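Take a look at the structure below.
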Amino acid sequence: MTVTTLVSAYLVLVGLLAGSFVNLAADRVPRGESIMRPRSHCRACGRVLNLVDLLPVAGYVIRYGRCASCGTSIGIYSPLLEFVCGASMLTSILWLGLWPGAIVGLALIAGLGAAVVGLAIARRSALRARA
Ligand SMILES: [Zn+2]
């Protein structure tokens, strides 16, 4: 395995984790909550998520898409967004090489993240206006 392969794998992992962060931001920012505290938890039962829960995509598969404590459905959009972010990085690197692929991948993820959080804010505002 070459150094380039290792660095590429690391960057894809960073992409997956960035997707996980976008999920958190899209959930919390529209509610006016902090993206730092409290630690990630189930909205239904309050259980703090552990390492397995937080694994991008794999955590969803391992938990069958449900909270390990209360069984509340996580929803397919969380792992889907994580996958898309990881795939954006992988595709960029495969297409353009490590450089500038990594930068293009990060830019794609940042743009996607901004769009997803923006849509979540707009959706929340629309729901509030209707209520
Ligand atoms: Zn729960």
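Nothing in this text is a laboratory measurement; each read-out follows from the coordinates by a stated rule. Quantities reported herein were computed from a predicted structural model and do not represent experimental measurements. Glycine gets a Cβ as well: all are built from the backbone with ideal geometry, and neighbour counts include every protein chain shown.
Take region 29-54 and flag every residue that is without any contact (Cβ under 8 Å) to a residue 24 or more places away in the chain, more than 16 Å from the ligand (Cβ to nearest atom) and in contact with a helix residue (DSSP H, G or I) (Cβ under 9 Å, 6 or more places away or on another chain). Reasoning before the result, please.
Going through region 29-54, the residues without any contact (Cβ under 8 Å) to a residue 24 or more places away in the chain turn out to be 32-41, 46-53.
Applying the additional criterion that residues be more than 16 Å from the ligand (Cβ to nearest atom) yields 32-37, 51.
Within region 29-54, GLU33, SER34, ILE35, LEU51 meet the criteria.
So which residues in region 59-94 are within 12 Å of the ligand (Cβ to nearest atom), touching a helix residue (DSSP H, G or I) at 6+ places or on another chain (Cβ under 7 Å) and under 23 Å from GLY113 (Cα atoms)?
Passing the criteria: only ILE74.
Taking the criterion of being within 15 Å of the chain's Cα centre (by Cα), more than 16 Å from the ligand (Cβ to nearest atom) and either of a type outside the set (A, V, I, L, M, F, W, C) or under 24 Å from ALA122 (Cβ atoms) (or both), would at least one residue in region 95-103 satisfy it?
Looking only at region 95-103, we keep the residues that are within 15 Å of the chain's Cα centre (by Cα), and these are none.
No, there is no match, as no residue in region 95-103 is within 15 Å of the chain's Cα centre (by Cα), more than 16 Å from the ligand (Cβ to nearest atom) and either of a type outside the set (A, V, I, L, M, F, W, C) or under 24 Å from ALA122 (Cβ atoms) (or both).
Please go through region 75-120 and give me each residue that is closer than 30 Å to ALA44 by Cβ and surrounded by fewer than 16 Cβ atoms within 10 Å (Cβ to Cβ), ordered by number.
Matches in region 75-120: GLY75, ILE76, TYR77, LEU80, ALA114, ALA115, GLY118, LEU119.
Evaluate the following for ALA18: is it in contact with a Cys (Cβ under 6 Å, 6 or more places away or on another chain) and under 20 Å from LEU119 (Cβ atoms)? Even if it seems obvious, please write down each step before you answer.
Details: in contact with a Cys (Cβ under 6 Å, 6 or more places away or on another chain): yes; under 20 Å from LEU119 (Cβ atoms): yes.
It is true that ALA18 is in contact with a Cys (Cβ under 6 Å, 6 or more places away or on another chain) and under 20 Å from LEU119 (Cβ atoms).
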